[in-house]
Structures are given as structure tokens and as C-alpha cells.
Amino acid sequence: RELRATCESPTRAKREVGELESKALRRVLADMNAVEAVAELFEMGLEIENCKQGLGMLRFQLSEVLSLYCSVNQQSVPMNGETIDWIQVTRLKVVRIGSSK
């Protein structure tokens, strides 16, 4: 609930993560909302990294020190062989906002 409130309230996000990071957070969330499939986010040139912590975990760089971590939020992770088929991923879940290190 706390994370959802931070993502939904620009004022709260600014207070919790800082002004520049809150603007970056709003941009990434708006981009996530605007696309039909996660593959489109990769095509937009966002700073996205596949995390090694888990299958379907992505890290969006918000600043030098802060990132937004999301995971695939579907019943089963669509796969293409041994890799995730990002064209078929239509939902992400925000997991945390935290250090990039």
C-alpha cells in the first residue's frame, strides 16, 4: 500500500524520493501505462535492465542512485525458449523503489 501511494501521489513521491527522481518515476509509470506490451518500453530507449535476482524482474533507472524495480505480473511468464517473450508481457508489478547499487 505504501509503494502504491508513493507511485500514485506526485507530492508523496517528491517527498520520499526527491524532485528529480519523482519526475523520472512519473515518466516511467506513464510510459508503462501507455504501452500494450513491455517490449515497447525497450523500443522507447528507456534505461531498462533485466535483473539477475529473478525471472521477469526489470530495473528502470530513475537517477544515478535510484531505480524502480518491476516484475512480470501475469499468471505465467511467457517464454520464448529460455528467454522471456516481452511482446506477450502486458502487465508489470512495481516491486520497489530503491538503490541502484
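Side notes on the structure shown:
- Number of the condition not met by E49 [criteria: (1) closer than 21 Å to S99 by Cα; (2) assigned to a loop (DSSP other than H, G, I, E, B); (3) open to solvent by 40 Å² or more (accessible area, probe 1.4 Å)]: (2)
- The C-beta contact set for segment 51-63 (first residue within 22 Å of R27 (Cβ to Cβ), second residue aliphatic (A, V, I, L, M) and surrounded by fewer than 14 Cβ atoms within 10 Å (Cβ to Cβ), distance under 8 angstrom, 6+ apart or interchain) comprises S63/L20.
- Boolean, S100 is under 14 Å from the mean Cα position of the chain (by Cα), open to solvent by less than 70 Å² (accessible area, probe 1.4 Å), among the hydroxyl-bearing types (S, T, Y) and at pLDDT 95 or above: no
- Qualifying residue in segment 21-44 (condition: touching a residue at least 40 places away in the same chain (Cβ under 8 Å), crowded, with 17+ Cβ neighbours inside 10 Å and not aliphatic (A, V, I, L, M)): yes
- Of all residues in segment 54-90, those satisfying the criterion of being part of a strand (DSSP E or B) and among the aromatic types (F, W, Y) are F60, Y69.
The values are calculated or read from the model by the stated rules, or taken from the named source; none is laboratory data. If you're wondering where the values come from, they're calculated on a predicted model, not measured in any experiment. Reconstructed Cβ throughout: ideal geometry from the backbone, glycine too, with neighbour counts over all protein chains shown. Ligands, DNA and RNA are stripped out before the accessible areas are found, and what is left, the full protein with its side chains, is counted by its heavy atoms. Shrake-Rupley method; radii C 1.70, N 1.55, O 1.52, S 1.80 Å.
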